[in-house]
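The values are calculated or read from the model by the stated rules, or taken from the named source; none is laboratory data. Nothing here was measured: the structure is a model prediction, and the numbers come from that model. We place every Cβ from the backbone using ideal geometry, glycine too, and count neighbours over all the protein chains shown.
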Amino acid sequence: MKSTVQRLLFIVFCAAGLASPALGVTVPDLYEVTLPVTGDRDAAFVDALKAVAVRISGQRDAGSRLGRGTSNPRQYVQRFGVTADNQLEVGFDGVAVDRLLGDVGLPIWGRERPATLVLLTVDAADGSARWIDSRTATAERDIVAKAARQRGLPVIWPESDAGLAGASSPADLLRVATSYNANAALYGRARADGAGGYSVRWTLVSQDGASEASGSLDEGVHLAADTFARVYAASGSSLDSVVVEVSGIENLDAYAGTLNYLEAMTLVRGVALENVSGETLRFRLAVRGDVATLRRALALDNRLVPLASGEGATDRLQLRYQR
């Protein structure tokens, strides 16, 4: 069997270009920050590192927990530049930043993140209400979108208000989210607070349940990011071993697609093929977190579907490949 596995590996690696699947929900620029330079440029690099720490860890207080890491933030920088309007653009070394977060006890929230449909309605003084959609530029949408970029939360806006009226129950919100290929719905009802801003009641709904928060327009983004980080972020300083059995591998394209898919996941730090039995392959993965964290990350994309018989396992996952 070992020689069979080795021959299969050789063939697949030679044909790796045949399949390069993308994860369903990815945020490619998590380690890139743009912010204004209002004073000392070294201070701007510190602010940029703190902003990345919040985005990668999912912890709002991450910037204050970096310790000596802020004494020389440029050691984590891969590239930077200053725009004509004095904006500092910084691209950080992801490996170095992850190591720093692990050293100070902060988790890592990977690139694979839930897509969140934002359903925001604004109540006017005359009693009417308007939905914020993807087609009309508004100040309210800009505020939410800016907060989402800061937290690394991928958001989707509805194309119109069609079908949104009356969608306020968790089941209705999930139905609308699914129609937009989103993993969660963030519903907010905003009212003017009399001071030039808005008071918003936010509800976040996903397959894991519902949670609520009240506050400003950006509080909904923080609710979603805080909630998802608790579910998907994992320790950056330790690795666990998880066995993954994948059935339904009918050809080399399916094999290459599965291998590339697993290796591309941020949680996965190593993939080894242990056994081939017909259309079922057994991999051993080195992962951040545990089998539950990996299962939740896989659920964001239906490429590999868990089998019922593997739900209770503590050290393995049984999955089925689907195109």
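Go through A254, A286 for me and flag whichever is assigned to a helix (DSSP H, G or I), in contact with a Gly (Cβ under 8 Å, 6 or more places away or on another chain), surrounded by fewer than 21 Cβ atoms within 10 Å (Cβ to Cβ) and modelled with pLDDT under 95. Talk me through it step by step, then tell me what you get.
On the way: A286 fails: assigned to a helix (DSSP H, G or I).
Exactly one residue qualifies, and that residue is A254.
Anything in the stretch 93-111 that is under 10 Å from the mean Cα position of the chain (by Cα) and surrounded by 21 or more Cβ atoms within 10 Å (Cβ to Cβ)? List them, or say none. Break it down stepwise before answering.
We begin by selecting, within the stretch 93-111, every residue under 10 Å from the mean Cα position of the chain (by Cα); these are 109-111.
Matches in the stretch 93-111: W109, G110.
Would you be able to say whether some residue in the stretch 208-218 is in a strand (DSSP E or B) and farther than 30 Å from D142 by Cβ? Step through it out loud before you land on a result.
Going through the stretch 208-218, the residues in a strand (DSSP E or B) turn out to be 209-215.
So of that shortlist, the ones also farther than 30 Å from D142 by Cβ come out as none.
Scanning the stretch 208-218, I find no residue that is in a strand (DSSP E or B) and farther than 30 Å from D142 by Cβ, so the answer is no.
Could you tell me how many of the residues in the stretch 43-70 are more than 13 Å from V104 (Cβ to Cβ) and without any contact (Cβ under 8 Å) to a residue 24 or more places away in the chain?
Counting residues in the stretch 43-70 that are more than 13 Å from V104 (Cβ to Cβ) and without any contact (Cβ under 8 Å) to a residue 24 or more places away in the chain gives 2.
Against the condition under 17 Å from Y180 (Cα atoms) and either buried (at least 18 other Cβ atoms within 10 Å of the Cβ) or of a type outside the set (V, I, T) (or both), how does W131 come out, does it pass? Step through it out loud before you land on a result.
Numbers: under 17 Å from Y180 (Cα atoms): yes; either buried (at least 18 other Cβ atoms within 10 Å of the Cβ) or of a type outside the set (V, I, T) (or both): yes.
In short, yes.
Go over the candidates L120, L100, L88 one by one and state the one that is assigned to a helix (DSSP H, G or I), touching a Gly at 6+ places or on another chain (Cβ under 9 Å), among the aliphatic types (A, V, I, L, M) and over 18 Å from V25 (Cβ atoms).
Working: L120 fails: assigned to a helix (DSSP H, G or I); L88 fails: assigned to a helix (DSSP H, G or I).
On inspection, the qualifying residue turns out to be L100.
I want to confirm something. Restricting to the stretch 257-283 and keeping residues that are surrounded by 21 or more Cβ atoms within 10 Å (Cβ to Cβ) and hydroxyl-bearing (S, T, Y), which single residue is farthest from the chain's Cα centre (by Cα)?
For the stretch 257-283, the residue satisfying everything is T258.
Run down A213, A190, A195, A233 and say which single residue is out of contact with any Phe, Trp or Tyr (no Cβ under 6 Å at 6 or more places or on another chain) and either surrounded by fewer than 16 Cβ atoms within 10 Å (Cβ to Cβ) or not polar (S, T, N, Q) (or both).
Values: A213 fails: out of contact with any Phe, Trp or Tyr (no Cβ under 6 Å at 6 or more places or on another chain); A190 fails: out of contact with any Phe, Trp or Tyr (no Cβ under 6 Å at 6 or more places or on another chain); A233 fails: out of contact with any Phe, Trp or Tyr (no Cβ under 6 Å at 6 or more places or on another chain).
Going through A213, A190, A195, A233 in turn, the sole match is A195.
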